[in-house]
1. Does any residue in segment 68-88 that is farther than 22 Å from residue 104 by Cα and open to solvent by less than 20 Å² (accessible area, probe 1.4 Å) come within less than 9 Å, Cβ to Cβ, of a residue that is assigned to a loop (DSSP other than H, G, I, E, B) and not aromatic (Phe, Trp, Tyr) six or more places away or on a different chain, and which pairs are these?
2. Do we find that residue 148 is more than 19 Å from residue 97 (Cβ to Cβ), out of contact with any Phe, Trp or Tyr (no Cβ under 9 Å at 6 or more places or on another chain) and either open to solvent by 20 Å² or more (accessible area, probe 1.4 Å) or modelled with pLDDT of 95 or more (or both) in this structure?
3. Looking at (1) surrounded by fewer than 20 Cβ atoms within 10 Å (Cβ to Cβ); (2) touching a Gly at 6+ places or on another chain (Cβ under 6 Å), which one does residue 167 not meet, given that it meets all the others?
4. Which one of these does residue 212 not meet: (1) of a type outside the set (Val, Ile, Thr); (2) open to solvent by 50 Å² or more (accessible area, probe 1.4 Å); (3) at pLDDT 90 or above; (4) under 29 Å from residue 161 (Cβ atoms)?
5. Can you give me the number of residues within segment 1-59 that are of a type in the set (Gly, Ala, Ser) and free of Cβ contacts under 8 Å to residues at least 24 places away in the same chain?
6. Is segment 27-36 home to any residue that is charged (D, E, K, R), in contact with a strand residue (DSSP E or B) (Cβ under 7 Å, 6 or more places away or on another chain) and open to solvent by less than 40 Å² (accessible area, probe 1.4 Å)?
7. Quick check on residue 53: is it out of contact with any Pro (no Cβ under 7 Å at 6 or more places or on another chain) and surrounded by fewer than 18 Cβ atoms within 10 Å (Cβ to Cβ)?
8. May I ask you to list the residues in segment 32-48 that are over 15 Å from residue 90 (Cβ atoms) and of a type outside the set (Phe, Trp, Tyr)?
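The values are calculated or read from the model by the stated rules, or taken from the named source; none is laboratory data. Computed from a predicted structure; not experimentally measured. Cβ sites come from the backbone with ideal geometry, for glycine too, and all protein chains shown count toward neighbours. For accessibility, only protein heavy atoms count, side chains too; no ligands or nucleic acids. Shrake-Rupley method; radii C 1.70, N 1.55, O 1.52, S 1.80 Å.
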Amino acid sequence: MLVTLCSAAGSPGVTTTALALALHWPRPVVLVEADPSGSSGLLGGFFRGQLDHPGLVDLVIAQRSDLLADAVPKLLYPLEGSETSVLFGLRSHEQAAGVAQLWPPLLEVLRSLDPAATDVIVDAGRLGLLGSPLPILAAADVTLLVARSDLPGLAATRSWAATLGRADAPGHAVRLLLVGEDAPYSAPEVGKTLGVPVLASIQWAPEPARVYSHGRALPELPWWRRVGRSPQAQVEAFEGSGYIRSVVATAGAVRSLGEASVPAPFRSVLSRVGAGDVRRSMT
């Protein structure tokens, strides 16, 4: 299954949500950081600038030598304690133009992964930027447009929701993913206003979200909640929080939606047609 997350404007939490979903995905998954803005949110956020690992630029070089299929597995970085591997993104916005030609062949490599064993989640970042991974976005089984439920967020999302909504078809489901429902608008209100169904909502919870966005330690438990409990109490409390429960529920909703899709051969035909349609509508 190929899932993409993107946003229309601002910073509604695409990278944070993509990482949280990947770490709570029920089976092995590759997280691709394809945001063309040029500053890896994972390296600078979750890893706090303490990790130096090759990424998309190295794949551009490999593609020029026709070695892309061999290079991708070597550049995946496994996240300890999970079944998630990461393909890191760009380090500079100046690299966006060069990476634009990488998306079609990279899509083929991602599609060649064993679909029975591995899924792919793509952080496509903000739409409309130079170097956006439109071929991957158009070929996804599920595209999630991430948005806040306030008026500025919905106003910014409206036109892109209409564009992506036209690409919704069997084999390519387009849905909204809210970060912070009822702040102030509900999921039904948002779906009706934007004309795209809301698949799920991530709870607005800045403190636990910073574990993924900034690499922070797990939130501390009050002392009275630690008394008599196991050393894993902090982890258990985090995993049982409303924020993580919303992440797990979203992962389940995405997988259910993708599994209800049409057979893969038909889906690949739709993807090739849909990619051109979406790219034309975005230019």
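1. From segment 68-88, the pairs are 84/28.
2. no
3. Looking at each condition in turn, residue 167 falls short on (1).
4. (2)
5. So the count comes out to 3.
6. The answer is yes; a qualifying residue exists.
7. Judged against the criteria, residue 53 is a match.
8. Correct list: 48 only.
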